[in-house]
């Protein structure tokens, strides 16, 4: 488990009111802030190995994002739009860092928020780390024109449907267990104790709806690029920004499990156009869940990057 490693810092939990929402977080260590943002259908626990590692010399913090697990679950769909969510993240970081720059790490939806925050507020970030989360401009292009990504993204339309909660929660969250945890449990990357933690998080009142509302509020999915562009609150025309403003000027590392079945590897093509000087670390045998499959490798890449 989390603190079994010799020298791993003690894990602590707490709540912070961040831009009006009460957010739960797990944290370890002291020092400069490194903030970890999870995706769907994860929660803070996705980063348990990173909290143990980076808490050795940083204040490592992993929140439950709004709508998830033990954090507040707003009823208004507008509060799940990316433009609103990045303000929650900024306020959370400011609580710990008091205006100083911090390192931001994001996976999946957490990576979407990290990209958006880096574009909108680069002055707040020291470095950016993305794990299997596409730059929104590249993803928009692929959703508009790439049949492979269009097909891979069909699940997004299901997640936006009115029947998504019933389908995903049926038979003890059987669909999520099979598609998210199944291979990880078979390989030993996750244990039965981990599975129990996920089931408990998914079973929190309103948590499943909260996670699905990210898809609904931002209208993501094939085949219209404009739907993805709404992720960061822009219009259909180039996200409503000149291409120059779509660029990420923060030093950025992208870690990518190439066996991701939801996000095709072509999301890396042309990344330098929007992220000058980006460092890319490909994991050929890693999937969308590379954080669980290859925690030591992921940690090593982050360590090398942040110095």
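If you take the residues in the range 44-58 that are touching a residue at least 40 places away in the same chain (Cβ under 8 Å) and not in a helix (DSSP H, G or I), which one is farthest from residue 85 (Cα to Cα)? Before the answer, list the steps.
Start the filter on the range 44-58 by keeping residues that are touching a residue at least 40 places away in the same chain (Cβ under 8 Å), which leaves 45-56, 58.
Now restrict to residues that are not in a helix (DSSP H, G or I): 55-56, 58.
Numbers: 55: 25, 56: 28, 58: 24 Å.
Among those that are touching a residue at least 40 places away in the same chain (Cβ under 8 Å) and not in a helix (DSSP H, G or I), it is 56.
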Residue match in the range 139-146 (condition: closer than 23 Å to residue 28 by Cβ and crowded, with 19+ Cβ neighbours inside 10 Å): no
Options 53, 72: the member that is within 18 Å of residue 40 (Cα to Cα) and modelled with pLDDT of 95 or more: 72
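Just for helices (runs of 4 or more DSSP H) wholly inside the range 145-253: which have at least 3 residues that are within 28 Å of residue 305 (Cβ to Cβ) and either modelled with pLDDT of 95 or more or under 18 Å from the mean Cα position of the chain (by Cα) (or both)? Before the answer, list the steps.
Values: elements: 147-152, 154-160, 164-176, 182-187, 192-202, 207-218, 225-229.
Output list reads 182-187.
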Residues of the range 54-93 classified as closer than 14 Å to residue 31 by Cα and out of contact with any strand residue (DSSP E or B) (no Cβ under 8 Å at 6 or more places or on another chain), total: 2
From the options 9, 41, residue that is closer than 25 Å to residue 82 by Cα, in contact with a helix residue (DSSP H, G or I) (Cβ under 8 Å, 6 or more places away or on another chain) and in a loop (DSSP other than H, G, I, E, B): 41
Residue tally, condition touching a residue at least 40 places away in the same chain (Cβ under 8 Å) and closer than 29 Å to residue 21 by Cβ, over the range 174-189: 2
The range 47-72, residues that are more than 24 Å from residue 307 (Cβ to Cβ) and crowded, with 22+ Cβ neighbours inside 10 Å: 63, 64, 65, 66, 67, 68, 69, 71
Evaluation of residue 18 against (1) within 19 Å of residue 124 (Cβ to Cβ); (2) in contact with a strand residue (DSSP E or B) (Cβ under 6 Å, 6 or more places away or on another chain) (one fails), failing number: (2)
Residue within the range 23-38 that is assigned to a loop (DSSP other than H, G, I, E, B), in contact (Cβ under 8 Å) with a residue 40 or more places away in the chain, farther than 18 Å from residue 127 by Cα and more than 19 Å from the chain's Cα centre (by Cα) present: no
Residues located in the range 126-137, provided they are assigned to a helix (DSSP H, G or I) and either within 21 Å of residue 289 (Cα to Cα) or modelled with pLDDT of 95 or more (or both): 136
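When the range 61-97 is examined, which residues are found to be outside any helix (DSSP H, G or I) and closer than 21 Å to residue 129 by Cα?
Scanning the range 61-97 gives 61, 62, 63, 64, 65, 66.
The values are calculated or read from the model by the stated rules, or taken from the named source; none is laboratory data. Computed from a prediction, not measured in an experiment: that's the story for all the values here. When we count neighbours, we look across all protein chains shown, and the Cβ atoms used for this are built from the backbone with ideal geometry, even at glycine.
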